[in-house]
Amino acid sequence: MTKLKQQSLHKRENQLANPNRQLEILNGGIFENGELPTFAKIITQTNQFPLRPKKLEILQINVGYMCNQVCEHCHVDAGPDRKEIMTWETMQKCLEIIKNTGAHTLDLTGGAPEMNPNFRRFVEKASQAGVKDFIVRSNLTIIRANKKYHDLPQFFKKYNVHVVSSMPHWTRGKTDKQRGEGVFDMSITALQQLNAVGYGMPGSTLKLDLVYNPNGAYLPGDQASMEKEFKSALKADFNIKFHNLFAITNLPISRFLDYLIASENYEDYMYQLVEAYNPKAVKNVMCSNTISISWDGYLYDCDFNQMLGLKVASKVTHINQYNESILNNRDIVISQHCYGCTAGAGSSCQGEVTT
Amino acid sequence: MANNYYDPADLRKFGNITQWSEELGNKFFDYYGKVFEEGALTAREKSLIALAVSHTEQCPYCIDAYTKDALQRGVTKEQMMEAVHVGAAIKSGATLVHGTMMMNKVNKLEM
Ligand code: SF4
Ligand code: SF4
């Protein structure tokens, strides 16, 4: 058990704020001495190396690392002290891309994307670009954090945004331990507000999905049974409704890696991931249909690679030269963190990847 | 040989027991896997029973495995502790109920 931290690794000048140090750890130790196979080696066994993208379906844009929370497991190392924020100029370039993309889903993430000062302007414009599914990843507490965010549920509704929110557990204790004191109560109020405007209701086109990720050094349980538990508990205790639950595995990077090392769980966790490796999950990993764009316009295979500073292995690495057909013809950059996407039923921002 | 009887790393080697008796080993693991599947009881209920029994059996490997399993299934620590108390209550009850044997014997032997 560790005490909740109030500052990002960056602010604390922790050595793991440096992506190269994280990669050194992921490539060294038990993977370097051959105790466990590297991700490249294990996917080679089923002829899946090099990993290649399929058709692009999801554009995931990270509009900044600033967040009102400092969750212990955060793979972004987000927090109030992070100043990396997408400018309006970069957003305008993203809008051009959104208009012309072959992807059917736009996925805005952060940090807390709502904290970007141009967030609303961007959502308004992006919603006119004709993507089929427009997701905003909202941490819920932001809706309650400050008066200026209280009307977010109405705002989301106006632009028919698909809200995907993190909810670590259906009990207060487990939620607050992972995310901070008071997070559970604020999240419950925010969910009730979203329900009140029609989000998450059975049959409603206002989609509200929840994301669950384990509160420690273990893997998520079966998504369908977790969804059942969440649904019945939230309904019984707070009359809250939502559509789907996505169970997401914590990847061993950034603050979660820091936690694993500090709590002496790192090796054990990597063993769990490797033992749960499911070759069938490989073909549907998130990078197979997603491009991730960072606050400063660089392109990555996924949000995790973004945090590790691993840009796409392509001639095109920035939105200034954006070209989907060139981009799609690339090998995906991998390391041992990728085991987090292929454990058990697999894991992506849309939850499990195998059925 | 390690100089202690129990090593957490040995739990990972559990599957290797099939190496010296493949047929019996495989039969055991098939059976084991089947037992823990969703049935008339949910996999979560079975996991809690396993956790309680792990304690009464005082098997460090099982306690390690089923504590993790319960966490994965979203079981809270209050629920886990209650399950352990159920095991402990049965264990102590089973000890204590034998007191009736002692009492019978004493009653028979004493004038
Ligand atoms: S709410 Fe999300 S982005 Fe913010 S610190 Fe928590 S995990 Fe990171
Ligand atoms: S971590 Fe990123 S690159 Fe690796 S498998 Fe997952 S989505 Fe793909």
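The values are calculated or read from the model by the stated rules, or taken from the named source; none is laboratory data. Every value quoted in this text rests on a predicted model; they were computed, and no experiment measured them. Neighbour counts are summed over all protein chains in view; Cβ atoms, including those assigned to glycine, are modelled from backbone coordinates with ideal geometry. Heads up: the accessible areas ignore ligands, DNA and RNA and are worked out on the full protein's heavy atoms, side chains in. Shrake-Rupley method; radii C 1.70, N 1.55, O 1.52, S 1.80 Å.
The table for this structure:
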quantity	calculated
Residue-by-residue Karplus 3J(HN,Hα) for the range A:10-16, coefficients 6.51, -1.76, 1.60, Hz, glycine and proline x	4, 5, 7, 6, 5, 4, 7
Test item: Cα-centred dipole of the protein assembly as shown, Lys/Arg +1 and Asp/Glu -1 on Cβ, debye	1300 debye
Candidates B:86, B:97, B:75: whichever shows maximal mean-square fluctuation once chain B is modelled as a Gaussian network with Cα springs under 10 Å	B:97
Two-decimal log10 I(q)/I(0) for the range A:206-246, as the Debye equation yields it once each C-alpha is a single scatterer, q = 0.18, 0.19, 0.33 Å⁻¹	-0.52, -0.57, -1.16
Inter-part distance where the range A:287-355 and the range A:149-193 are each reduced to a Cα centre, Å	27 Å
1.4 Å probe accessible area per residue over chain B, in Å²	77 Å²
For the range A:272-326, Kirkwood radius (reciprocal of mean inverse C-alpha pair distance, Å)	12.4 Å
Sequence-distant residues sharing a close amide H with residue A:61 (under 5 Å, placed H)	A:107, A:108, A:109, A:293
Cβ-based charge dipole, the protein assembly as shown, positive-most Cα from A:118, A:292, A:145	A:118
Efficiency of FRET from Cβ geometry, residue B:101 and residue A:204, R₀ 51 Å, rounded to 0.05	0.20
The protein assembly as shown - convex hull of alpha carbons, volume per residue in Å³	196 Å³
Fully extended contour minus Cα-Cα distance, from residue B:37 to residue B:9, at 0.36 nm per residue	7.5 nm
Reduction of at least 40 Å² in accessible surface, 1.4 Å probe, comparing all protein chains with the chain by itself, residues of the range B:59-77	B:68, B:71, B:72, B:74, B:76
Helix-derived mean residue ellipticity, 222 nm - over chain A, DSSP H n ≥ 4, -39500 (n - 2.57), to 500	-9500 deg cm²/dmol
Between 0 and 90°, nearest 10: helix B:99-109 axis offset from chain B longest Cα axis	30 degrees
GNM top mover of A:64, A:34, A:216 - chain A, alpha-carbon springs below 10 Å	A:34
Note, ³J(HN,Hα) from phi for the range B:64-70, Karplus 6.51, -1.76, 1.60, rounded to Hz, x at Gly and Pro	4, 5, 7, 5, 4, 4, 5
Whole-number D in µm²/s for the range A:19-166 (Stokes-Einstein; Kirkwood sum over Cα pairs; 4 °C, 1.567 mPa s)	74 µm²/s
Length-normalised contact order of the range A:15-342 in % [C-alpha pairs under 8 Å, at least 6 apart]	24 percent
Rough spin-label spacing in nm, given labels placed 7 Å along Cα→Cβ, for residue A:13 and residue A:261	1.7 nm
Charge-dipole axis of the range B:22-109 as Lys and Arg at +1 and Asp and Glu at -1 on Cβ define it, positive-most pick from B:88, B:66, B:76	B:88
Coarse-grained scattering of the range A:149-279 at q = 0.12 Å⁻¹, given as base-10 log I(q)/I(0) from a Debye sum over alpha-carbon atoms	-0.53
10 Å Cβ neighbours from other chains, averaged over peptide A:214-225	4
Convex hull projection area averaged over all views, the range B:22-109, Cα basis, nm²	8.7 nm²
Relative packing of peptides A:250-260, A:75-85 - highest average C-beta neighbours within 10 Å first	A:250-260, A:75-85
Among A:109, A:189, A:44: highest mean-square fluctuation, GNM of chain A, C-alpha pairs under 10 Å	A:44
